[in-house]
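Encoded as structure tokens, the structure appears first; notes follow it.
The values are calculated or read from the model by the stated rules, or taken from the named source; none is laboratory data. For clarity, every value in this text was computed on a predicted model and none was experimentally measured. Note that we place each Cβ from the backbone using ideal geometry, even for glycine, and neighbour counts take in every protein chain shown. Calculation scope for accessible area: heavy atoms of the full protein, side chains included, ligands and nucleic acids excluded. Shrake-Rupley method; radii C 1.70, N 1.55, O 1.52, S 1.80 Å.
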Amino acid sequence: NLQVHDVYDLQEKDLVVAPPEFLKNFSPKWYFRDSNYSSDFPTSAQSAAWFLENSGGPKVDTVIAINQGLLKGLLEVTGPVQVGNFGELNSENYELLLSYVIEGKIWGEEDPKHILKVFIPELKNKLLKEEYLGKISSKLYKAVQQKHIMMWSRDESVEGFFDNTGISGRMAQIKENEDYLSVVNFSTGGSKSDKFVEESITHETNIERSGDVVDEVTVTRKHQWTDEIYKAWKKELAKYGFTKMDDKLIDILGRGQNKVIMRIYVPEGSTFIEANKKGVEVKTDTKLHKTYFITELSMAAGKSDEIKIKYKLPFEIKFSPVGNYKLIAEKQPGSIGSIFTKLVHVDDGIINVGLYPTDSRIEGDGAIYATNLVYDRTFSSLWERK
């Protein structure tokens, strides 16, 4: 019984719910459309279920989040999907056309997402064809690994299954002597510019002879929208009879200012030292057992913005005789994956006796691991003090 609804169909006008603290300056009230606020999916899923049930919707036992970007992979398998008299959507044009029709309210103010109500049932019919089963299963498996699909259930045994298979999207709980990093962006600019933003994260760790550990994380975001993208849009839209795109719509679809509230999660009890920007706040999420630094980044098309934060970890490396430094770096669910560089620097007299993964290497006075956050990553190293 597949049904497609617009989030704005919900009867939320009588709900008065205070938003999470970091959203209070963004909106005085909290609604279903912003319920996916936490990087811990079970937390967001429970909020979504509550809003749905208290806004005229049904009571639910399971919440499943599917990133819109997964459509590209599915359409690569099924081929083009005919959408009524509108035309075909394929893996290369679906995002532009859906966004243009919805944001431009091509089919009216009252039902701007009508195209989804036509498209999704047709896509479902294609997905259920037996000939596509193997390839679609492969796409879904990969999407689960990359946190493009997450699931939560009220049933404890089902939720346990989700945890054991890596589908739950639950934020990792680290041990007392482990380092942790997760950079989470909450878009507030009203545009769909995130898909044009390249994000790079450098996480540097300094291990002192005393065993003290000081980290510095640098996050750089570049807004890479160009006029060439707009020209390609015009060419594709013309095939469907669309010849007009005003400046407001261009901004909504990606050219507009990219604004995010950024939360940088680190081990609980970490001590802030300094930052390259003013206004960085230090918070503790007692439920998730994490300290996080919160700030805002903003940039126009073609520009970049950067935040650097230095902090001391709440534990020491125990050289007895070998000390272990381990980092768990989690990607933001639904993101395409940041460029990620892990650096370790050590004081004189500290030598490395082991690195993981195998593509990390010794460089200069420490170690380097260059990768991406398409998946969650783990870095581990053994150090001896001479």
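Return the residue satisfying two criteria in turn: it lies in the stretch 219-250 and is of a type in the set (D, E), part of a helix (DSSP H, G or I) and out of contact with any helix residue (DSSP H, G or I) (no Cβ under 8 Å at 6 or more places or on another chain), and of such residues it is most open to solvent (accessible area, probe 1.4 Å).
So, considering only residues that are of a type in the set (D, E), part of a helix (DSSP H, G or I) and out of contact with any helix residue (DSSP H, G or I) (no Cβ under 8 Å at 6 or more places or on another chain), the one most open to solvent (accessible area, probe 1.4 Å) is E228.
So E268 passes all but one of these: (1) surrounded by fewer than 17 Cβ atoms within 10 Å (Cβ to Cβ); (2) more than 28 Å from L97 (Cβ to Cβ). Which condition number does it fail?
Among (1) surrounded by fewer than 17 Cβ atoms within 10 Å (Cβ to Cβ); (2) more than 28 Å from L97 (Cβ to Cβ), the lone unmet condition for E268 is (1).
For the stretch 201-224, name all the residues that are of a type outside the set (A, V, I, L, M) and closer than 22 Å to D348 by Cβ.
Passing the criteria: E204, T205, N206, E208, R209, S210, G211, D212, D215, E216.
Quick one: F319 ticks every box in (1) within 20 Å of T205 (Cβ to Cβ); (2) open to solvent by 60 Å² or more (accessible area, probe 1.4 Å) bar one, so which box is it?
The failed condition is (2).
Quick one: how many residues across the stretch 151-186 are over 30 Å from E204 (Cβ atoms) and in contact with a strand residue (DSSP E or B) (Cβ under 6 Å, 6 or more places away or on another chain)?
6
Only residues that are closer than 25 Å to I167 by Cα and part of a helix (DSSP H, G or I): list them for the stretch 6-40, please.
V7, F32, R33, D34
I need a count of the residues in the stretch 95-105 that are without any contact (Cβ under 8 Å) to a residue 24 or more places away in the chain and either of a type in the set (A, V, I, L, M, F, W, C) or touching a strand residue (DSSP E or B) at 6+ places or on another chain (Cβ under 9 Å) (or both).
3
Could you list, in sequence order, the residues of the stretch 341-362 that are basic (K, R), closer than 22 Å to K386 by Cβ and surrounded by 14 or more Cβ atoms within 10 Å (Cβ to Cβ)?
Listed by number, the list is empty, since nothing qualifies.
Go through P80, P20 for me and flag whichever is over 29 Å from L181 (Cα atoms) and surrounded by fewer than 17 Cβ atoms within 10 Å (Cβ to Cβ).
After ruling out the rest, the residue left standing is P80.
Quick one: is D194 open to solvent by 10 Å² or more (accessible area, probe 1.4 Å), touching a strand residue (DSSP E or B) at 6+ places or on another chain (Cβ under 9 Å) and at pLDDT below 95?
So D194 fits the description; yes.
Within the stretch 1-15, how many residues are at pLDDT 85 or above and either at positive phi or open to solvent by 90 Å² or more (accessible area, probe 1.4 Å) (or both)?
Count: 2.
Of all residues being crowded, with 19+ Cβ neighbours inside 10 Å and at pLDDT 95 or above in the stretch 276-294, which is farthest from E216 (Cα to Cα)? Just the residue, please.
Residue satisfying both the conditions and the ranking: K290.
All but one of (1) of a type in the set (D, E); (2) touching an Asp or Glu at 6+ places or on another chain (Cβ under 6 Å); (3) farther than 16 Å from E204 by Cβ hold for D347, so report the exception by its number.
Against the list (1) of a type in the set (D, E); (2) touching an Asp or Glu at 6+ places or on another chain (Cβ under 6 Å); (3) farther than 16 Å from E204 by Cβ, D347 comes up short only on (3).
Among the candidates S338, S380, single out the residue that is polar (S, T, N, Q) and buried (at least 20 other Cβ atoms within 10 Å of the Cβ).
It is S338.
So E53 clears everything in (1) out of contact with any strand residue (DSSP E or B) (no Cβ under 7 Å at 6 or more places or on another chain); (2) over 23 Å from A232 (Cβ atoms); (3) open to solvent by 70 Å² or more (accessible area, probe 1.4 Å) except one condition, right? Which one?
Tallying (1) out of contact with any strand residue (DSSP E or B) (no Cβ under 7 Å at 6 or more places or on another chain); (2) over 23 Å from A232 (Cβ atoms); (3) open to solvent by 70 Å² or more (accessible area, probe 1.4 Å), E53 fails exactly one: (3).
What tally of residues in the stretch 108-137 results from selecting those that are touching a residue at least 40 places away in the same chain (Cβ under 8 Å) and β-branched (V, I, T)?
Of the residues in the stretch 108-137, 2 are touching a residue at least 40 places away in the same chain (Cβ under 8 Å) and β-branched (V, I, T).
Looking only at the stretch 301-313, filter to residues that are over 16 Å from H203 (Cβ atoms) and either in contact with a strand residue (DSSP E or B) (Cβ under 6 Å, 6 or more places away or on another chain) or at pLDDT below 95 (or both); which one of those is most open to solvent (accessible area, probe 1.4 Å)?
The extreme case among them is K303.
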